[in-house]
Amino acid sequence: VRTLVAKSPVTSAHLALLGDKLFLLDDVGSAFVMYGLEGRSWIAMGDPVGDPVAGRELAWEFCEIADRHAGWPVFYEVSEDVLPLYLELGMALSKLGEEARVPLADFSLEGGPRKSLRQTHHRLERAGCSMEVVPPADVSALLPTLGRVSNDWLAAKKTREKSFSLGSFTPSYLEQLPMALVRVREQIVAFANLWPGPPGTELSVDLMRHTESAPPGVMDYLFVELMLWGRAQGYRYFNLGMAPLAG
């Protein structure tokens with residue numbers, strides 16, 4: 001599964017690393033469907049990951065297995081390219097939101113339309129902010145500090161950890177991925193764990209958390225820095241994730 005995730009051009013494949021899903025794989029391990037059970041619903045997270053031909057067969061097999069257990073198969077957050085497959089499976093389509101992807105080749109802070117972002121970025125730099133991306137091997141030592149940032153954020157938002165379609169602050173999950181840090185001088189005030197696709201594809205983030213004492217606009221600063229970093233690393237897109245439709 002980790003090998004297929006690393007090769008996937010769709011960064012949400014990293015949700016397979018959370019440890020909260022079941023997997024259906026083909027015989028040679030060239031594709032998988034990740035899913036969970038809720039009542040009678042068998043919910044696959046995203047499209048099949050890996051070889052498209054094998055993934056197509058797995059989608060049919062997934063629906064057949066669910067049917068044998070009197071379950072209702074669901075594919076959640078699927079891509080437009082694969083919609084014909086789900087129609088062949090006899091599924092109904094429901095649009096819940098849209099995905100935003102920023103092309104990075106021409107992304108910059110120059111020009112009138114980026115004035116607000118540019119001003120925020122300059123203000124945060126003057127406040128002493130800096131961004132650093134650390135590799136997975138260095139994340140474990142940072143977890144106590146990041147845990148305090150995360151708890152501060154959860155308390156301020158009056159919310160709890162999510163799962164399945166979003167990551168959670170789980171050490172075994174976070175230690176597998178790069179981490180972006182925002183420091184004010186030496187103190188970490190914000191972080192985001194990264195979902196890196198193969199070179200030339202897309203870059204995205206999962207958890208995005210900051211302390212109450214972080215300067216206003218710190219997440220805008222982090223996004224801008226990550227887009228500039230991703231462009232320098234050769235990524236084509238920065239994926240901002242899903243936004244629900246109004247109403």
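Overview of results
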quantity: Å² of accessible area per residue within the chain, as computed with a 1.4 Å probe and no ligands counted; calculated: 54 Å²
quantity: Accessible surface of region 75-142 [probe 1.4 Å, protein heavy atoms]: carbon and sulfur percent; calculated: 51 percent
quantity: Assigned charges on the beta-carbon of Lys, Arg, Asp, Glu; the chain dipole about Cα centre (debye); calculated: 1040 debye
quantity: 4 °C / 1.567 mPa s Stokes-Einstein diffusion coefficient of region 23-90, Kirkwood radius on C-alpha pairs, µm²/s; calculated: 109 µm²/s
quantity: Angle between the chain longest axis and helix 139-157 axis [Cα atoms, degrees, rounded to 10]; calculated: 90 degrees
quantity: Those lysines that a straight Cα-Cα span of less than 16 Å connects to residue 21, excepting residues fewer than 8 apart in one chain; calculated: 162
quantity: Mean-position separation - Cα centroids, region 109-174 and region 22-55, in angstrom; calculated: 30 Å
quantity: Highest average packing first - 63-69, 12-18, Cβ atoms within 10 Å; calculated: 12-18, 63-69
quantity: FRET efficiency for residue 40 and residue 141, using Cβ-Cβ distance with R0 set to 45 Å, rounded to 0.05; calculated: 0.55
quantity: The chain: most fluctuating residue of 101, 114, 209 per GNM, C-alpha cutoff 10 Å; calculated: 114
quantity: (1) 81, 44, 29; (2) 65, 48, 33; (3) 60, 39, 39, with the label sought being that of the calculated Cα extents along the principal axes in Å; calculated: (3)
quantity: Helix axis angle, 52-68 relative to the chain longest principal axis, alpha carbon, degrees; calculated: 60 degrees
quantity: C-alpha long axis of helix 218-232 to longest principal axis of the chain, angle in °; calculated: 70 degrees
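The values are calculated or read from the model by the stated rules, or taken from the named source; none is laboratory data. Small disclaimer: the values here were computed from a predicted structure and weren't measured. Heads up, the Cβs are rebuilt from the backbone with ideal geometry, glycines too, and the neighbour counts pull from every protein chain shown. All accessible areas refer to the heavy atoms of the entire protein, side chains included, with ligands and DNA or RNA removed. Shrake-Rupley method; radii C 1.70, N 1.55, O 1.52, S 1.80 Å.
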